[in-house]
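These notes are about the structure you will find just below.
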Protein chains: 2
Amino acid sequence: MYRSHTCGELRAPHIEQSVTLSGWISKVRDKGFVVWIDLRDRYGITQLVFDEERTDKTLLEQAKHLGRETVIQVKGTVIERASKNDNIPTGAIEVLVKELTVLNKAQLPPFTIEDETDGGEDLRMKYRYLDIRRNPVKNNLIFRHRVTMEVRKYLSNQDFIEVETPYLIKSTPEGARDFLVPSRMNEGQFYALPQSPQTFKQLLMVGGMDKYFQIVKCFRDEDLRADRQPEFTQIDCEMAFVEQEDILNIFEGLTRHLLKEINGVEVAAFPRITYDEAMAKYGNDKPDIRFGMEFGELNAIAQHKEFSVFNSAELVVGIAVPGAASYTRKEIDKLIDWVKRPQVGAKGMVYVKYNEDGTFKSSVDKFYDQEDLAKWANATGAKKGDLICVLSGETNKTRAQLSALRMEMATRLGLRKPNEFAPLWVIDFPLLELDEETNTYHAMHHPFTSPKPGQIELLDSQPGSVKANAYDLVLNGNEIGGGSIRIHDKETQAIMFKHLGFTPEEAKEQFGFLMDAFQYGAPPHGGIAFGLDRLVAILGGQETIRDFIAFPKNNSGRDVMIDAPANIDQEQLKELHIKLDL
Amino acid sequence: MYRSHTCGELRAPHIEQSVTLSGWISKVRDKGFVVWIDLRDRYGITQLVFDEERTDKTLLEQAKHLGRETVIQVKGTVIERASKNDNIPTGAIEVLVKELTVLNKAQLPPFTIEDETDGGEDLRMKYRYLDIRRNPVKNNLIFRHRVTMEVRKYLSNQDFIEVETPYLIKSTPEGARDFLVPSRMNEGQFYALPQSPQTFKQLLMVGGMDKYFQIVKCFRDEDLRADRQPEFTQIDCEMAFVEQEDILNIFEGLTRHLLKEINGVEVAAFPRITYDEAMAKYGNDKPDIRFGMEFGELNAIAQHKEFSVFNSAELVVGIAVPGAASYTRKEIDKLIDWVKRPQVGAKGMVYVKYNEDGTFKSSVDKFYDQEDLAKWANATGAKKGDLICVLSGETNKTRAQLSALRMEMATRLGLRKPNEFAPLWVIDFPLLELDEETNTYHAMHHPFTSPKPGQIELLDSQPGSVKANAYDLVLNGNEIGGGSIRIHDKETQAIMFKHLGFTPEEAKEQFGFLMDAFQYGAPPHGGIAFGLDRLVAILGGQETIRDFIAFPKNNSGRDVMIDAPANIDQEQLKELHIKLDL
């Protein structure tokens, strides 16, 4: 038996007990006549003590020469600690060591195994197994486990059945690029790894499974933006005989359950706003509503004056930044530079200081008098002391720019508090999205999303205006889940495929099995999928999903620890009936 | 709202309530003046009633023409059933229908959706979504969910953390053939899908995770024998600071927990036998011990008589088949034909009838007298009325043949009861296994398995005799789990790689990251992995794992429902820097 207790377990009541501990040496403090060692394992740190009076001389000498991260086993007696350490749970005691066994030696690690390490991102990824020893990473992984356990508990209690769907499936042209897997047994053919179990969960509904969920890996071969992974995890759910309202209730319940069990936070009923409203109020379909700064549209009150920039704009829109009227000219100039950065892309910014004395000072005083500006303040909800920032131009672009500014100001003002949670539903998404490059429409959610009742007729005349039974769950400015009520009849699905530019043959080849299935009695159904990596990061009050994944890949899709992907023997390729084409 | 209750929910106390139900039409019985419909969903069946007296005429007519598997919604009143049906939980009531909506029409399914269907395996696989509507398949999937929930509950309560390891990893030459995934972003390089998360779980131990588990898909590109799947699910576990004893205790606990929670069965402490003992007593390293028929070795008592077949044999070994002394000559001849089948491969079989009157009648009476045969009876544990079956020849082959006969006789005698559970541990497996074709040794478990203490020195002189700290959990004649204590120091691992025929360069290229990791303080560790598909099938009292997988593949690795794998566009291959080589 390697240990009687873990390194996080011993307390005052254990004093005088004989114990065996195993772990890693975290720190050695050598005072000559006495040596203290911090012994670490997953559960905590226990102080070991060796001293001239009570410890065998050889043992004391040995203790002095133990290196960091050496794995040892000790036997000894729990004693009271002279100077208690209230910072750690085992701080009331220490273990007077009688026997010591080195279980494994350790080279000096390439970075320090401490909460604040000296290791850079690259080094930590290469030696991820050492990085995981550090509390921040280790605790994130444990946190993730707790979240998935609670997800399963909640859904299982609600009669959901976790069903494993296959990983070796068929490539579909819709959506992102697939990862492919050549088949050895079926020459010249390929499997694809699933981008999501979408069609399988719909088939499970046709199969009468009624309530399905799965925590499952999904794959997308996309050029990786920061904080995207080629393999990611989804909480995938589907229900039969439901309307949108049923789904929103169940998954609001799940989110509430997690916030309560994991974060100890009770939240009120989730607000629901339409996609159009979200775009108008926040310039964003995943608004962060932990803070205000809602958009005020100024067209009616700011246009038709002498200011041609506004007059020629499709949209004039502003936000009131709390307490920023005190910004100096220089600070405001820097802010204007910020919105003009290519990443934001505004041409300029108009500002209005709503001074504490009730007067206004703006960059467009030439065109607008105090009365005009008071109307702006009213439209943006500005209070004395606020700075009104106004952008103008083409509607969608201007909204996106002001949304970026709104988020930036919230960050600067410390309004995006990691331990505050403001979930909401965004509903009534458009069914189709115009691809401006090709001037064709594609499914905003996916091709199985049902249009709002009665709107299918509009698909021919006004495709862009058709709304879908589609919804996103947004938490703190992130889309953590999204879903829809699905089309469950073959006729509507055929119409959708037509509008998405599939020929009947293409539709049949790609989704024939789903269309076939719909002929045999498909129930009304709908579902949702949560991005687990993101959800866990947000619940954990952090930004980077990579910190919640045990072995993440870098932006080139490489695992730098195991050095994958890698070259392959000719022999193996031959068996798979492929050759390189470089 | 599509339903107020499910089809499995209504009971006598609901009588007089207005309810809304949705589901599939399972059966329509039209008696002219009255129509009964069985409405089915995942939860059960509820009888609907329409009659001349109480139902609107149009509705009654409509009910008569509804086809099987049509999806409908009904509103009505729960009423007492005239003739109760005690076979179903809702049998006390029926629903008098007031309103009916057809939610989706259904074509006639290609096979009947009943417990005993007229659909053959191929048809059921092609229309798996319809097959899943059948109780036997649906209940198996729900059963699987219950098992995984209990596994997670037990392990989580024991402080295990579920950590997701990557699916896009690196190919290793060891073990079975990998599925490969060409990388688009890393030209000419490939990921591999994991055969198991073996190295990652060991790295998690180096990382101090202490207790890891994961229910995870694994992939092997092997020629598929019956009831093997290219993708399968493993309960993968690893622990640090443990000896074999710790692991056996924890996972005996898990198995006991499952048997109790899932099957309601309490089992005694699991027997433990060594690999050598299992081979000698059962001719098999995964013995079914629900019944006896242990091997009796007869060399000492049956050799050195006049019977040359036995005299020249390396092993003479028999079993006592209970109650089979009454077999006729014809039955015994058929049994001899059975052991001579190519699948078994014996050259012949000697038999001894232990008659009820205490006398013996054998096929070798010419060479052995009653006293000799009494010794055989003693060695095989035969009782009056038993048939002793004896095989002889080369040890390993003869054992395998007798094992096959033992299982066959147990099946014929009904001794392999699906609801009886007899788990055991088989321990002390050989470290290495001789590949007779190439005359080289390879790892019996895997290359990270630790030899028994003190035996590493034998690797040079007697490699085949070295035992490993490796163990299998066997249930009802199936290996449901297997694992080992791992090598945790770089030196031993290097010795192992050498004996497995890796050059230091090959070892470094394939496992360099693991060898590197071992330099930074690897704790002693070990683990186990369970084949979930098999485990669930056995707990479910069934033989075929395919029946516990929602969307299985056939023996050519094809998913016949979605028709995968499939051909791929040239364009896609080009992006992946590969071309076909047919």
Fill in the blank from the handout: Nearest-0.05 FRET efficiency for B:V265 and B:N135 at R0 = 25 Å, using Cβ-Cβ distance, is 0.65
Exercise for the section: With label points built 7 Å along Cα→Cβ from the Cα atoms of A:D563 and B:Q455, find their separation and express it in nm. Expected result: 3.3
Problem - Contact order normalised by residue count of the stretch B:450-555, Cα under 8 Å, 6+ apart, percent - result: 23
Handout entry: Whole-number percent relative contact order across the stretch B:413-461, with pairs defined as alpha carbons under 8 Å at least 6 apart
Key = 22
Problem - Pseudo-label separations to other copies for A:Q542 - Cα-to-Cβ vector, 7 Å, nm - result: 4.2
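Listing A:D56, A:D559, A:D372 from the residue with the fewest other Cβ atoms within 10 Å to the one with the most, what is the order?
Details: A:D56 13, A:D559 22, A:D372 18.
Arranged by neighbour count, lowest to highest, A:D56, A:D559, A:D372 become A:D56, A:D372, A:D559.
I'd like the Kirkwood hydrodynamic radius of the stretch A:121-188, using the inverse of the mean 1/r over distinct C-alpha pairs, in Å. Working shown, then result.
Working: mean 1/r = 0.0603 Å⁻¹.
Result for the stretch A:121-188, one decimal place: 16.6 Å.
Give me the orientation-averaged projected area of the Cα convex hull of the stretch A:291-412, in nm², one decimal.
On the way: hull surface 26.6 nm².
For the stretch A:291-412, the mean projected area of the Cα convex hull comes to 6.6 nm².
For the stretch B:447-582, what ratio Rg/Rh do Cα atoms give with a Kirkwood hydrodynamic radius?
Dividing the radius of gyration by the Kirkwood radius yields 1.11.
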Completion exercise
Filtered hits (aspartates and glutamates, Cα-Cα < 16 Å from A:K366, offset >= 8 within chain) -> A:E306
Exercise for the section: Net charge near B:A529: determine it from the other residues with C-beta under 11 Å of the C-beta of B:A529, scoring Lys and Arg +1 and Asp and Glu -1. Expected result: -3
Completion exercise
Computed on Cα atoms, Rg of the protein assembly as shown relative to 2.2 N^0.38 Å comes out at 1.09
Exercise for the section: Taking a label point 7 Å out from Cα toward Cβ, give me the nm distances from B:T58 to the same spot in the other copies, shortest first, one decimal. Expected result: 10.1
Exercise for the section: Indicate, rounded to the nearest 5 percent, the antiparallel portion of the DSSP beta bridges found entirely in the stretch A:12-104. Expected result: 95
Handout entry: Förster-model FRET efficiency, 51 Å R0, A:E53 and A:E543, C-beta, rounded to 0.05
Key = 0.50
Problem - Distances in nm from A:D118 to the matching label points in the other copies, shortest first (labels 7 Å along Cα to Cβ) - result: 7.9
Exercise for the section: Determine the alpha carbon to alpha carbon distance for each of A:K84/A:K105; B:K286/B:K340; A:K64/B:K498 and list only those over 27 Å. Expected result: A:K84/A:K105; A:K64/B:K498
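Between their Cα atoms, which of A:K281/A:K467; A:K138/A:K553; A:K75/B:K467 are more than 22 Å away from each other?
On the way: A:K281/A:K467 19 Å; A:K138/A:K553 18 Å; A:K75/B:K467 30 Å.
Violating the 22 Å Cα-Cα cut-off are A:K75/B:K467.
Please report the net charge: other residues with Cβ closer than 11 Å to the Cβ of A:E420, K and R +1, D and E -1. Walk me through the numbers before you get to the answer.
On the way: positive: A:R290, A:R416, A:K417; negative: A:D288.
That sum, taken over residues with Cβ under 11 Å, equals +2.
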Exercise for the section: Mind giving me the nanometre distance, one decimal, between the label points for B:D276 and A:L96, set 7 Å out from Cα along Cα→Cβ? Expected result: 4.7
Exercise for the section: State the Cα centre-to-centre distance between the stretch A:131-199 and the stretch B:346-382 in whole Å. Expected result: 59
Practice task
Please express the Cα-Cα pair-distance distribution P(r) of the stretch B:12-104 as a list of whole percents, one per 5 Å bin, running from 0 to the bin with the greatest distance.
Solution key: 3, 15, 28, 29, 19, 7, 0
Practice task
Quick one: net charge around B:C237, please, counting Lys, Arg +1 and Asp, Glu -1 for every other residue with C-beta under 9 Å from its C-beta.
Solution key: 0
Handout entry: Longest to shortest principal axis, alpha-carbon extents of chain A, angstrom
Key = 91, 76, 52
Handout entry: Spin-label model distance (nm) - A:R290 vs B:K84, 7 Å beyond Cα toward Cβ
Key = 6.0
Exercise for the section: Return B:T328, B:T440 ranked ascending by Cβ neighbour count within 10 Å, so the fewest neighbours appear first. Expected result: B:T328, B:T440
Handout entry: chain A: calculated mean residue ellipticity at 222 nm from DSSP helix runs of at least 4, using -39500 (n - 2.57)
Key = -8500 deg cm²/dmol
Practice task
Using only Cα atoms, tell me the angle between helix B:244-263 and the longest principal axis of chain B; keep it within 0 to 90° and round to the nearest 10.
Solution key: 30
Problem - Between the stretch A:24-51 and the stretch A:60-117, the alpha-carbon center distance in angstrom - result: 3
Completion exercise
Fewest to most Cβ atoms within 10 Å: A:R134, A:R146 sort as A:R146, A:R134
Practice task
Could you compute the FRET efficiency for A:R11 and B:M515, with r as their C-beta to C-beta distance and R0 at 45 Å, rounded to 0.05?
Solution key: 0.70
Handout entry: Acute angle (nearest 10 degrees) that the helix A:135-157 long axis makes with the longest principal axis of chain A, alpha-carbon atoms
Key = 60
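Every number here is computed from the coordinates shown, using simple stated rules; none is lab data. Model, not experiment: these values are computed from the prediction. Here Cβ is always computed from backbone atoms with ideal geometry, including for glycine, and neighbour counts include all displayed protein chains.
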